[in-house]
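Enquirer: A single structure is presented below for examination.
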There are 2 protein chains.
Amino acid sequence: MKQIRPTESELEILGVLWEKGPSTVREIHDILSQTKDAGYTTTLKLMQIMHEKELLQRDTSSKTHVYTAAISQQKTQQQLLDKMIDTVFGGSASQLVMQALGHHQSSGEELEKIRQYLTAIEKEQKENR
Amino acid sequence: MKQIRPTESELEILGVLWEKGPSTVREIHDILSQTKDAGYTTTLKLMQIMHEKELLQRDTSSKTHVYTAAISQQKTQQQLLDKMIDTVFGGSASQLVMQALGHHQSSGEELEKIRQYLTAIEKEQKENR
DNA sequence: ATTGTTGTACGAATATCTTCGTAAACAAAT
DNA sequence: ATTTGTTTACGAAGATATTCGTACAACAAT
């Protein structure tokens, strides 16, 4: 399986693309520059490199190119999670889960969803025993 | 608050130190080289740099130095989680939790622990309403 | 004492990431 | 047609991370 390792800056860009969908460099840059301090050409260059690396696709049919994420959020999440669980949480996923639950408030709804999820997993485990 | 940003390789070393406790370069290297391919002096150099950065402490009283992690696993976990939730999971901790639960088998005990944790959090939320 | 082994220190090469200046293409406005 | 603003392309500098060769010190075994 192909190992994708986006850098920190690349993840920021992917994050925006995942949320907003296909975007121009200008759009990405405007959003990023709210929280970060970098020139326009920096963002441009990054996205060009990401295109070379095949992290992004782009449509060059008009003068202003439109970029799209070429890797799915899900897959990227899973990959980064796996590595993190492995190196930082000593291999224990539930350790990570509890740490995450502890320090971020989630709405009651979200907690309820997680609870249902737990139940489903436990049920599945019983069946496969 | 001081932002710590260990690199990938540094995290690997920290991971071993957190698990095994104080260790020599040789011990760390032997473990890492099971899954990674790097020379001994590379590991040594990395740990020396980490000591300069104050990521590691070391005892130089004997010829063979003994290194210890200078930052806690908990704090590092939290910091990395926060950033990850922010950039990769669009700010949703529960999104991360479900993704993590989905693709890693946890024992029934662990799941039970998480369930209790959930209950505690929900109770707390009610009280603070 | 000589040899072999294991360790640290140091410097430098290499690789990778990040940043930005500059030039050229293009379109809209004057 | 010239100016102005927006965009891409490119190259190169700067910053950071990774890798390893070499030298030297400590020590054990012969």
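Enquirer: Would you point out the residue of region A:21-50, among those that are of a type in the set (G, A, S) and within 22 Å of A:S72 (Cα to Cα), that is nearest to DNA strand C (Cβ to nearest atom)?
Expert: Applying the filter and picking the extreme gives A:S23.
Enquirer: Here is a follow-up. Considering each residue of region B:99-114, count those that are more than 7 Å from chain A (Cβ to nearest Cβ), assigned to a helix (DSSP H, G or I) and farther than 24 Å from A:A69 by Cα, and give that number.
Expert: The total comes to 2.
Enquirer: Would you call A:T24 without any contact (Cβ under 8 Å) to a residue 24 or more places away in the chain, more than 14 Å from every other protein chain (Cβ to nearest Cβ), surrounded by 14 or more Cβ atoms within 10 Å (Cβ to Cβ) and within 10 Å of DNA strand D (Cβ to nearest atom)?
Expert: no
Enquirer: Report whether or not A:L14 is over 21 Å from B:I85 (Cβ atoms), within 16 Å of DNA strand C (Cβ to nearest atom) and of a type in the set (A, V, I, L, M, F, W, C).
Expert: When the stated conditions are applied, A:L14 does not pass them.
Table: residues versus (1) in contact with a strand residue (DSSP E or B) (Cβ under 8 Å, 6 or more places away or on another chain); (2) more than 7 Å from every other protein chain (Cβ to nearest Cβ); (3) at positive phi.
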{"residue": "B:S61", "(1), (2), (3)": "no, yes, no"}
{"residue": "B:A70", "(1), (2), (3)": "yes, yes, no"}
{"residue": "B:Q79", "(1), (2), (3)": "no, yes, no"}
{"residue": "B:G91", "(1), (2), (3)": "no, yes, yes"}
{"residue": "B:V97", "(1), (2), (3)": "no, no, no"}
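Enquirer: Which residues, counting only those in region B:24-52, are over 13 Å from B:T68 (Cα atoms) and in a loop (DSSP other than H, G, I, E, B)?
Expert: B:K36, B:D37, B:A38, B:G39
We did not get these values from a lab; they are worked out from the coordinates using the rules stated. The model shown is predicted, which means the values in this text are computed figures rather than measured ones. When we count neighbours, we look across all protein chains shown, and the Cβ atoms used for this are built from the backbone with ideal geometry, even at glycine.
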